[in-house]
1. I need a count of the residues in segment 31-52 that are part of a helix (DSSP H, G or I) and touching a Phe, Trp or Tyr at 6+ places or on another chain (Cβ under 6 Å).
2. For residues that are under 20 Å from the mean Cα position of the chain (by Cα) and acidic (D, E), tally how many sit in segment 23-58.
3. I'm trying to understand the selection: among the residues of segment 295-307, which are modelled with pLDDT of 85 or more and exposed (fewer than 15 other Cβ atoms within 10 Å of the Cβ)?
4. Q76 is checked against (1) touching a Lys or Arg at 6+ places or on another chain (Cβ under 9 Å); (2) at pLDDT below 90 and fails just one. What number does that condition carry?
5. So R278 passes all but one of these: (1) among the charged types (D, E, K, R); (2) under 25 Å from S138 (Cβ atoms); (3) touching a residue at least 24 places away in the same chain (Cβ under 8 Å); (4) part of a loop (DSSP other than H, G, I, E, B). Which condition number does it fail?
6. Among the numbered criteria (1) closer than 23 Å to L123 by Cα; (2) buried (at least 19 other Cβ atoms within 10 Å of the Cβ), which one does A252 miss?
Amino acid sequence: MTQQAYSFEETVARGPVGDAVLAPMVTLFGAADALEVMAADCRATGLEVRGARPLRSLLDGSGVMLGDIVLVECSQATGADLAALVRLDERAARSGAELVVSTCAEALDAVFACLQTARAQFLLDPTAAERVVAIGHSLARLPGRRLREMDEEERIVLLRLTEEVGRLAEKLDRMALPLGREGGEGMSERLASPGFGYRNEGEKDPLRRPRAPLPDPRLIHRIIHQRRLRGRYFAGALFADPAWDILLDLTAARAEHRRVSVTSLCIAAAVPPTTALRWIQQMTEMRMLVREADPDDRRRAFIALADNVADAMARYFEEVGKDATILV
């Protein structure tokens, strides 16, 4: 089947003005086989697919219209594909479209760097369930459905709902496994979601406190090593705490004046990559983390602690003091 077979615009019957006007539309970009899979996932959720085209069609001046949600598959970090992503980022930022971008580990850093302005979710070799969860999150953020940014309480409600999906996925994992067989990375692990939000003491205290020094990075690396040792004797998911692992890794990097790529941070989170990306995105939206462009290579972007979070980590280690050596 040729690529051209998937370059189409669907004609959708419209009902009376009302629900039809509010019905979200989806546009797909990617290779032919990926378009077929993404279209099937969208239809399974009841969403209308406005069009499905190769990613590079964004560069040919054909005036491809974007839907309310745009699903993208980009596993080849070629120059043309990355240029198309930059064009898509600009257009989605102007239109308010929600992006759901699927990629692979090898292309993650380059793909992440191209999408700096639009609201994008990143999925790494996603399953259908992961894509459906991402689509649902995009639906909740569409203009007209969310007239303002979610406050902390609303974020918690949304995250708890996602946790319910994770618990359901865990039951499906157990049902799918033969009796007596232990599963590896199950659906529940891949759908695991961030929990409660970060509270910055400095925002409540009008008096500025003296800035504490960052802890010795050797201490942090020793703590990280101790945390990883548990995985030799117990299931890794039992102790999964990606938010803290991310904060530890970025604190050590800040103390060492070292930059951290998205791929490296996913590894440091010690959870499946898609779960790590979800945490990174959530913590960035909560302004705990910040993106930093690579001035020497536009194809790369780095993640760092926000200044107030770095100060909070420094104060934490200062208060713990010598007892930090026994932290796990």
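The values are calculated or read from the model by the stated rules, or taken from the named source; none is laboratory data. Given the structure is predicted, the values throughout are model-derived calculations rather than measurements. When we count neighbours, we look across all protein chains shown, and the Cβ atoms used for this are built from the backbone with ideal geometry, even at glycine.
1. So in segment 31-52, the residues part of a helix (DSSP H, G or I) come out as 32-44.
Subset that is touching a Phe, Trp or Tyr at 6+ places or on another chain (Cβ under 6 Å): 32, 35.
Residues meeting the conditions: 2.
2. Qualifying residue count, segment 23-58: 1.
3. Taking segment 295-307 as the starting set, the residues that turn out to be modelled with pLDDT of 85 or more are 301-307.
Listed by number, the list holds a single entry, D307.
4. (1)
5. The failed condition is (4).
6. The one condition A252 does not meet is (1).
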